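Just below is one structure, and these are the notes that go with it.
The values are calculated or read from the model by the stated rules, or taken from the named source; none is laboratory data. Being a predicted model, the structure only gives us computed values, none of them experimental. Don't worry about glycine lacking a Cβ; one is built from the backbone with ideal geometry, like all the others, and counts go over all protein chains shown. What goes into the accessible areas is simple: the full protein's heavy atoms, side chains included, and nothing from ligands, DNA or RNA. Shrake-Rupley method; radii C 1.70, N 1.55, O 1.52, S 1.80 Å.
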Amino acid sequence: MAIVGPNFCAPYPVELGIVRKVMTITDGNFAVTDVNGNLLFKVKEPLFSLSDKRILLDASDTPILTLKENKVSLHDRWQVFRGKSTDQHDLVYTLKRSSMFQLIKPKLDVFLANNKEMKECDFHVKGSWIDRSSVIYAGKSDVIVAQMHKKHTAQSILIGKSNFSVTVYPNVDYAFIVSLIVILDDINREDSED
């Protein structure tokens with residue numbers, strides 16, 4: 001299920017360690033590693049900018065995705081684009097809350113770029129960000145494609161000091177999953193500031 005690219009899909013489960021940094025200027029705010037502690041992705045967000053966008057970079061600082069929040073939407077709407085673009089022809093997916101009235105456990109719907117009518121979501125996210133127990137499902141089904149874990153497993157101990165880990169199921173695009181986790185983190189930070 002390549003959404004960002006087939007190079008981000010593996011025929012086996014992929015364990016990712018996610019470390020959220022409070023404030024850094026050079027290395028980005030998020031670091032994503034594999035079970036061996038190798039850096040896979042990092043996220044840069046502007047420190048002093050009116051723009052609400054984040055850039056997902058690979059380990060060699062190549063821009064993979066740009067995540068842009070629509071501040072005028074009541075549903076926490078985000079659009080995600082290829083590379084550093086924010087042009088509609090580079091749109092990968094749109095994410096929004098299922099309903100405006102969700103505070104503790106937001107439910108999010110994901111619509112891929114070719115799903116222009118947005119009547120049925122392509123993926124949905126449920127769970128508690130605070131408990132690090134969010135789950136990402138295919139469509140409106142109960143088929144799990146990725147899942148967050150709060151408690152450390154033997155594999156996450158190998159990762160080092162990760163805040164939490166994410167298991168991405170076989171043949172699921174893990175760059176796509178990481179971009180969802182970054183948006184979830186941002187929505188959670190905004191909810192906790194309200």
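Things worth noting here:
- When restricted to residues that are at pLDDT 90 or above and acidic (Asp, Glu), region 1-35 contains 1.
- Qualifying residue in region 69-82 (condition: modelled with pLDDT under 90, open to solvent by 70 Å² or more (accessible area, probe 1.4 Å) and under 22 Å from Lys119 (Cβ atoms)): yes
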